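The values are calculated or read from the model by the stated rules, or taken from the named source; none is laboratory data. Remember, predicted model here, so these are calculated numbers, not experimental data. Neighbour counts run over all protein chains shown; Cβ positions are idealised from the backbone, glycine included. All accessible areas refer to the heavy atoms of the entire protein, side chains included, with ligands and DNA or RNA removed. Shrake-Rupley method; radii C 1.70, N 1.55, O 1.52, S 1.80 Å.
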Protein chains: 4
Amino acid sequence: MKVALAYSGGLDTSVCIPLLKERYGVDEVISVVVDVGQPVEDLERANRLGEEIADHHIVIDAKEEFVEDYIFPLIKANGNYEGYVLGTAIARPLIAKKVAEVAFREKADAVAHGCTGKGNDQLRFEAVFRAMGLKVIAPMRELGLKRSEEIEYAIKKGLKINVGKDTPWSIDENLWSRSIEGGMLEDPAFIPPEEIFAWTKSPEDAPDSPLILKITFEEGVPVALDGEALRGYDLIVRLNMIAGEHGVGRTDIIEDRVLGLKARENYEHPAATVLLSAHRDLEQIVLTRNELRFKMSVDAAWSELAYQGLVLDPLYDDLLAFIDETQKRVSGDVTVKLYKGSLQVLGRYARTALYREDWVSFDTAVEIDPADAGGFSKFHGLQARLYRSSI
Amino acid sequence: MKVALAYSGGLDTSVCIPLLKERYGVDEVISVVVDVGQPVEDLERANRLGEEIADHHIVIDAKEEFVEDYIFPLIKANGNYEGYVLGTAIARPLIAKKVAEVAFREKADAVAHGCTGKGNDQLRFEAVFRAMGLKVIAPMRELGLKRSEEIEYAIKKGLKINVGKDTPWSIDENLWSRSIEGGMLEDPAFIPPEEIFAWTKSPEDAPDSPLILKITFEEGVPVALDGEALRGYDLIVRLNMIAGEHGVGRTDIIEDRVLGLKARENYEHPAATVLLSAHRDLEQIVLTRNELRFKMSVDAAWSELAYQGLVLDPLYDDLLAFIDETQKRVSGDVTVKLYKGSLQVLGRYARTALYREDWVSFDTAVEIDPADAGGFSKFHGLQARLYRSSI
Amino acid sequence: MKVALAYSGGLDTSVCIPLLKERYGVDEVISVVVDVGQPVEDLERANRLGEEIADHHIVIDAKEEFVEDYIFPLIKANGNYEGYVLGTAIARPLIAKKVAEVAFREKADAVAHGCTGKGNDQLRFEAVFRAMGLKVIAPMRELGLKRSEEIEYAIKKGLKINVGKDTPWSIDENLWSRSIEGGMLEDPAFIPPEEIFAWTKSPEDAPDSPLILKITFEEGVPVALDGEALRGYDLIVRLNMIAGEHGVGRTDIIEDRVLGLKARENYEHPAATVLLSAHRDLEQIVLTRNELRFKMSVDAAWSELAYQGLVLDPLYDDLLAFIDETQKRVSGDVTVKLYKGSLQVLGRYARTALYREDWVSFDTAVEIDPADAGGFSKFHGLQARLYRSSI
Amino acid sequence: MKVALAYSGGLDTSVCIPLLKERYGVDEVISVVVDVGQPVEDLERANRLGEEIADHHIVIDAKEEFVEDYIFPLIKANGNYEGYVLGTAIARPLIAKKVAEVAFREKADAVAHGCTGKGNDQLRFEAVFRAMGLKVIAPMRELGLKRSEEIEYAIKKGLKINVGKDTPWSIDENLWSRSIEGGMLEDPAFIPPEEIFAWTKSPEDAPDSPLILKITFEEGVPVALDGEALRGYDLIVRLNMIAGEHGVGRTDIIEDRVLGLKARENYEHPAATVLLSAHRDLEQIVLTRNELRFKMSVDAAWSELAYQGLVLDPLYDDLLAFIDETQKRVSGDVTVKLYKGSLQVLGRYARTALYREDWVSFDTAVEIDPADAGGFSKFHGLQARLYRSSI
């Protein structure tokens, strides 16, 4: 029996390798690391370990695909869940697809992941795995090991895992977002200590001078910073540094997990915060009111699917068809100010703006005059009049 | 013929008084000033002028009613329009109702307002006036005077209006919000100069130390700051000062007016910004996911009606019935940090929080274990599997 | 150990009684029959059997409560799921609550039901049971007996169940609705034979003369037929007979079950069909357009919760607060014609109708004239003009 | 000055021709008849009259375009307004576009229509005309002639209009729909006399034998009846006859007009009624639940725009992008029964159906068993449990 394992190099996925063999009768474990912009040291450790303990180790660079097929649609969809920019969620389906591709190519009998039964990621991985017709093994959830048992087992198996440095919280990182949860942070009233943050400076430590930055969009996606054209990946890396330096991009939220539990999460996503603010502002000037209103519900539905990892539900593509149609005109510049944790939109320009100075002034060219507004006013609230006269 | 005029003391409503007499054959003009928290000097000037040029002048203190019947529901409804906190809009129906009450009491034949044909306020005033069965006169819109003609007329009539100081923008203020529009600000790309702001310090000029503030809510409305119980009006006045001092509460937006034009608006609303952020955060921990999702659409519908001044459409009360039902449990504390223009929620506590530490850990007390999550996972995305196997 | 069992007198719930004792170590089984308008012969059989085989048998007449607390809200909410009138679903929470009340009163250690793992009812029962803090036993689902094993077991235990007459489909009946599913009906293309229907005549066999019927509503609920005041229960019984006689009230649908499977269902619900058509028609004339639009989404959300049995989610009550507020004016008469399976609304009258003949004609009384419509027209589609001139 | 007039051959548009010359100083009136499937005799009369009294008369056959570009999208969108199938509305933008094209080709200075200020059609025509950049003249609305004055004027001008036969109601017909309104029908309680109907037999007079009919769809549009492939236009003509013969396709409704008035309308649309019922049923078996839920709101938004004639708002195309994406799988057969005014879906088949018999039975192939449902059930309504334990 051959299994492709979604591998991260952490404790959970590492102990999965011997567990799959001992407890599930697996003959060959292929550890698959998918690079979606994790820190280089995490990737290197994962590769070192995977090479050593798995039967076969595969690394897939999916950074470009992550930007083009997941982050860009997210920007177009103003993707957010309960008010915060989606981050961890959108990398999972891509990782699952890449692991599944390995499984098909290598004729594996099943895929495996190291998620426990508490969170969202088990659901996101398995939704993709199962829709692709694969058998799933989830050792961490199915065997129900406690953390101390895991560590003991890892030591017994001689796994070179950094289990000594037991951080009090659990961290997930990709190009787009860094999440911190667990430990004392679970108490919604506990004020997060400064040490949990890695991508963003504390506002108090940020530079004393604000940064004014112009972001250029083409058809809904960012293409330049201050006029310098940049490829998606580079633009996001640079913007993470710039905005993080100015203390922009922290979120602290109580989040409804898919299974129904509420959990406290902290996020850092500097580039995401800036890009989504700017993108929304640009939409506001180029889309019609009817489009803006309806797109709110489309964006919300897209975000719900993305959060749940349901990117293979056909609704996901239906929604993107709508979104892409709207984004054809979302091109232009937005100027923002970053300063000690605050983000302010200062101005925006779009060639296709629906704003027209001459129309605001009832110019005769458009044949609308104040009397027309008087006519309109007669009908505004007409049914409230009928209602009040009927009761 | 007797007319009750919604009076502000400004140029437009002041010239309405002689215009109503000369052009509409009105015998008696009652100027009605409704105090919704405008600056004291504006009120005093309005009263001085009204006393002088109208046949009868009436001042109505509606501050308490404004807080209880308009601002509090707005907070419960997270009232915002296209992303900014509603402000100017919600005062209009109250002003209209108060003027209408005067008209009924004084047996006036009609009501009048000084709005032009370009904006939203004509529609908000008239929706209420007409639903209450009153005849409406709108001299500014109907006579189509240019601003220069207005000033000339005012001078001719000897109106003591401060027409010399011709500010390049138009300002509206009430307890909850200050809006600035017009002039060069109309260009969406024009970066607003610091001088347009009056309630908020520039983030750069704000104190170098952050302020940590605890806001207490009871059934959806704020009742205390840092533990000190305060009546609504006092709490808002104080919070406007505190948050404004820290540079929090500026909004720059392209807004879709009711008539369909897009206009650039700048707002200052420090207390509003803080209270809505805190309120949303508290809802997140006490309302069920089902409630949060659906309330988003209720809040949006409420906000749309409020923006349009359609508070007499029965839907307005239907929505409030829903909202009030949800707010019964929205009691608790939210701790925020204000610092140089940034606002960060740090923690929150509610007795009725749906967050429960023991549940997050699959405690046996609730009879949920990891295997149950495995069962759930089998159904997650089930139809996407059916779909993929059907094509 | 003592258990209260939701009992129907059928095979599944009957074998649960010995199973609970033999397989779960239960000492005392209380069989609870809740009367929500099932056929009298079913109730009698259930009581006979329960008395015989359970340790304690309890019958609860919940018909009145079913009408007042479940059917009436459903009518107000135009409750339908994927296009058909909700039926089976709404009885489940009431049955669960009544069984739970017995469990609390009798100090039972748990509650049990006889649902399998395929359908919706397990979820509806358990959502209520668990929210009320009760331990749940589901023998049919947990023991996974096949139908043949069940029958064998029943015979072995000497249960006097009519297992010989093995109908090819599964039927559920209450006052409001009769559902038929299973067997050959599962094939979506199979045309249902006439024999599956019991409440409705075939249209071809219905009377050759149409019936004209006037239904009177007060605050959203039906109170009279052809002017004769009737209590809810009596009105529904009578209308089921009348409309069923005329062949009205059959539905054949592919339905998405909660777990995600699509299943073919046939329903008979004559009174429900007539009452919901009439109620919607009446709303159309008394509610404002804004109310009608928004209530569509409220009704849909209510129906989704009701279908899933989630009546204890606080959103359920929030939605009812909205709905009740709207129904205050939904009083009046609707005249329908029933004829050989067809239902036609012929006319309607409401004192609080927003329809006003004089307003349709731009009567001067309301101060609206054709020129005002011209003014309105200038703004209709304004942003589409801006859009077309911007591209 | 040259004007292109949307011409129908009726009284209103006919008197517009001399009125445009006498009252608006028009030199040349081009009467444009757009054939969207009106009765042949109406078209012939319109052409005869147009040839005689206009300076230039143009007939445009738009039947095919009407079917392909308006009716087919409507079917895909399940287009209905407040519960009835859209009909009159969707022809207006097409007529307006065709008239506008004539105006551009003939270098006309303006376009004109004969609508009064009461209804929706003025708004639908003008939304298209203005978005296309044309000047609009609306003599009937602007001159405010009473009907008797119109007739007098027509006689004076020698217009050969059938003004003697003064039907008590106003009728509009195209390929898809026939509407009847006005006169005594305006009273919502007035029961429509049989004589207002022309396309549908009274159910009582319909054949005594039901008709079973199989309708085949491909990608959301009907392509065959009982297996016989038919082009769209022919299919609709035939289905109008078949269903009309069986008394299917009458609607009586109180409708909210765009301006806010409620008006009573009667419609006949036999083919539309059958096609939309069948289409919805087919969608139910091929689309995922997520798609069905969200498409409801897309369909509603599409219908609202279509009703208002706002087909040039870019949202219209955005919505169609979503709809077309969903319809790729909406192919299959639906069998319906038509009988004396009633329409019943009997069965349906689709190759891409998400219904799968083996899955309903928890087949091991899909690795779902009853215990998984038990796991799911633990999470169903979880937050309601948290809620109940928190209060």
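All conditions in (1) closer than 30 Å to A:Gly249 by Cα; (2) among the small types (Gly, Ala, Ser); (3) surrounded by 22 or more Cβ atoms within 10 Å (Cβ to Cβ) hold for A:Gly10, with the sole exception of (3). Looking across B:Ala154, B:Ala206, one residue alone is among the hydrophobic types (A, V, I, L, M, F, W, C) and within 11 Å of chain A (Cβ to nearest Cβ). It is B:Ala206.
Which of the residues belonging to the stretch B:30-89 are of a type in the set (D, E, K, R), outside any helix (DSSP H, G or I) and over 23 Å from the mean Cα position of the chain (by Cα)? Spell out how you get there, then give the answer.
We begin by selecting, within the stretch B:30-89, every residue of a type in the set (D, E, K, R); these are B:35, B:41-42, B:44-45, B:48, B:51-52, B:55, B:61, B:63-65, B:68-69, B:76, B:82.
Remaining after also requiring outside any helix (DSSP H, G or I): B:35, B:55, B:61, B:82.
Of everything in the stretch B:30-89, just one residue is of a type in the set (D, E, K, R), outside any helix (DSSP H, G or I) and over 23 Å from the mean Cα position of the chain (by Cα), namely B:Asp55.
B:Ala263 meets each of the listed conditions (1) over 30 Å from B:Asp208 (Cβ atoms); (2) open to solvent by 20 Å² or more (accessible area, probe 1.4 Å); (3) of a type outside the set (Lys, Arg) apart from (2). Across the stretch B:123-164, the number of residues qualifying as free of Cβ contacts under 8 Å to residues at least 40 places away in the same chain, under 24 Å from the mean Cα position of the chain (by Cα) and closer than 23 Å to B:Arg45 by Cα comes to 1.
Is it true that C:Val223 is modelled with pLDDT of 95 or more, closer than 30 Å to B:Ala321 by Cβ and within 14 Å of chain B (Cβ to nearest Cβ)?
Numbers: modelled with pLDDT of 95 or more: yes; closer than 30 Å to B:Ala321 by Cβ: yes; within 14 Å of chain B (Cβ to nearest Cβ): no.
The answer is no for C:Val223.
Counting residues in the stretch D:199-218 that are touching a helix residue (DSSP H, G or I) at 6+ places or on another chain (Cβ under 9 Å), within 25 Å of C:Ala353 (Cα to Cα) and open to solvent by 60 Å² or more (accessible area, probe 1.4 Å) gives zero.
For every residue, the table says whether it meets (1) in contact with a helix residue (DSSP H, G or I) (Cβ under 8 Å, 6 or more places away or on another chain); (2) surrounded by fewer than 23 Cβ atoms within 10 Å (Cβ to Cβ); (3) small (Gly, Ala, Ser).
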position: B:Leu230; (1), (2), (3): yes, yes, no
position: B:Leu239; (1), (2), (3): yes, no, no
position: B:Glu245; (1), (2), (3): no, yes, no
position: B:Gly249; (1), (2), (3): yes, no, yes
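Evaluated against (1) within 14 Å of chain B (Cβ to nearest Cβ); (2) crowded, with 16+ Cβ neighbours inside 10 Å; (3) of a type outside the set (D, E, K, R), A:Ser179 falls short on exactly one condition, (1).
Would you confirm whether or not the stretch A:316-337 contains a residue that is part of a helix (DSSP H, G or I) and at the interface with chain B (Cβ under 9 Å from one of its Cβ atoms)? Walk me through it before giving the result.
Here is the first cut: in the stretch A:316-337, the ones part of a helix (DSSP H, G or I) are A:316-327.
After this cut, where a residue has to be at the interface with chain B (Cβ under 9 Å from one of its Cβ atoms) as well, the list is A:316.
Yes - at least one qualifying residue is present in the stretch A:316-337.
To keep it simple, each residue is scored yes or no on (1) buried (at least 19 other Cβ atoms within 10 Å of the Cβ); (2) more than 14 Å from chain C (Cβ to nearest Cβ).
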position: D:Phe66; (1), (2): yes, yes
position: D:Lys98; (1), (2): yes, yes
position: D:Phe104; (1), (2): no, no
position: D:Gln122; (1), (2): yes, no
position: D:Phe129; (1), (2): yes, no
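Of everything listed in (1) touching a residue at least 40 places away in the same chain (Cβ under 8 Å); (2) out of contact with any strand residue (DSSP E or B) (no Cβ under 8 Å at 6 or more places or on another chain); (3) of a type in the set (Ser, Thr, Tyr), the single unmet condition for C:Thr167 is (1).
Of all residues in the stretch C:296-313, which are of a type in the set (A, V, I, L, M), in a helix (DSSP H, G or I) and more than 14 Å from chain A (Cβ to nearest Cβ)? It would help to see each step written out before you state the result.
If we filter the stretch C:296-313 for residues that are of a type in the set (A, V, I, L, M), which is where we start, we get C:296, C:298, C:300-301, C:305-306, C:310-312.
Pick out the ones that are also in a helix (DSSP H, G or I) and you get C:296, C:298, C:300-301, C:305-306.
Those that are of a type in the set (A, V, I, L, M), in a helix (DSSP H, G or I) and more than 14 Å from chain A (Cβ to nearest Cβ): C:Val298, C:Leu305, C:Ala306.
Residues that are more than 16 Å from C:Gln344 (Cα to Cα) and touching a Leu at 6+ places or on another chain (Cβ under 9 Å) within the stretch D:174-206 comprise D:Trp176, D:Ser177, listed in sequence order.
Suppose we filter C:Arg280, C:Arg264 for residues that are farther than 30 Å from D:Ile368 by Cβ, facing another protein chain (nearest Cβ under 8 Å) and in contact (Cβ under 8 Å) with a residue 24 or more places away in the chain; which single one remains?
Details: C:Arg264 fails: farther than 30 Å from D:Ile368 by Cβ.
None of the other options fit; the residue is C:Arg280.
Taking the criterion of being touching a Gly at 6+ places or on another chain (Cβ under 7 Å) and at negative phi, the residues of the stretch B:236-266 that qualify are B:Ala243, B:Val248, B:Ile253, B:Arg257. Inspect all residues belonging to the stretch A:210-226 and state whether any of them is touching a Gly at 6+ places or on another chain (Cβ under 6 Å) and polar (S, T, N, Q). Among the residues of the stretch A:210-226, not one is touching a Gly at 6+ places or on another chain (Cβ under 6 Å) and polar (S, T, N, Q), which makes the answer no. Looking across the stretch A:300-331, the residues that are in contact with a strand residue (DSSP E or B) (Cβ under 8 Å, 6 or more places away or on another chain) and open to solvent by 10 Å² or more (accessible area, probe 1.4 Å) come down to A:Glu304, A:Ser331. Scanning the stretch B:210-239 for residues that are touching a residue at least 60 places away in the same chain (Cβ under 8 Å) and under 24 Å from A:Glu204 (Cα atoms) yields B:Pro210, B:Leu211, B:Ile212, B:Leu213, B:Lys214, B:Ile215. As a summary of the residue check, B:Asp187 satisfies the conditions (1) more than 11 Å from chain A (Cβ to nearest Cβ); (2) surrounded by fewer than 19 Cβ atoms within 10 Å (Cβ to Cβ) except for the one numbered (1).
The test for being surrounded by 17 or more Cβ atoms within 10 Å (Cβ to Cβ) and either acidic (Asp, Glu) or in contact (Cβ under 8 Å) with a residue 40 or more places away in the chain (or both) does not hold for B:Ala62. Checking the stated criteria, A:Ser297 turns out to be polar (S, T, N, Q) and either assigned by TED's automatic domain parsing to the domain that holds A:Val128 or under 30 Å from D:Leu292 (Cα atoms) (or both).
Among the criteria (1) surrounded by 18 or more Cβ atoms within 10 Å (Cβ to Cβ); (2) farther than 30 Å from B:Tyr233 by Cβ, the one B:Glu152 does not fulfil is (1). If you go through the stretch C:106-120 and pick out every residue that is buried (at least 24 other Cβ atoms within 10 Å of the Cβ) and not in a loop (DSSP other than H, G, I, E, B), you end up with 2.
Based on what the data block shows, is B:Arg293 within 14 Å of chain C (Cβ to nearest Cβ) and surrounded by fewer than 18 Cβ atoms within 10 Å (Cβ to Cβ)?
Details: within 14 Å of chain C (Cβ to nearest Cβ): yes; surrounded by fewer than 18 Cβ atoms within 10 Å (Cβ to Cβ): yes.
Answer is yes for this residue.
Could we say that C:Asp226 is open to solvent by 10 Å² or more (accessible area, probe 1.4 Å) and within 30 Å of B:Ala384 (Cβ to Cβ) here? Spelling it out, it is not the case that C:Asp226 is open to solvent by 10 Å² or more (accessible area, probe 1.4 Å) and within 30 Å of B:Ala384 (Cβ to Cβ).
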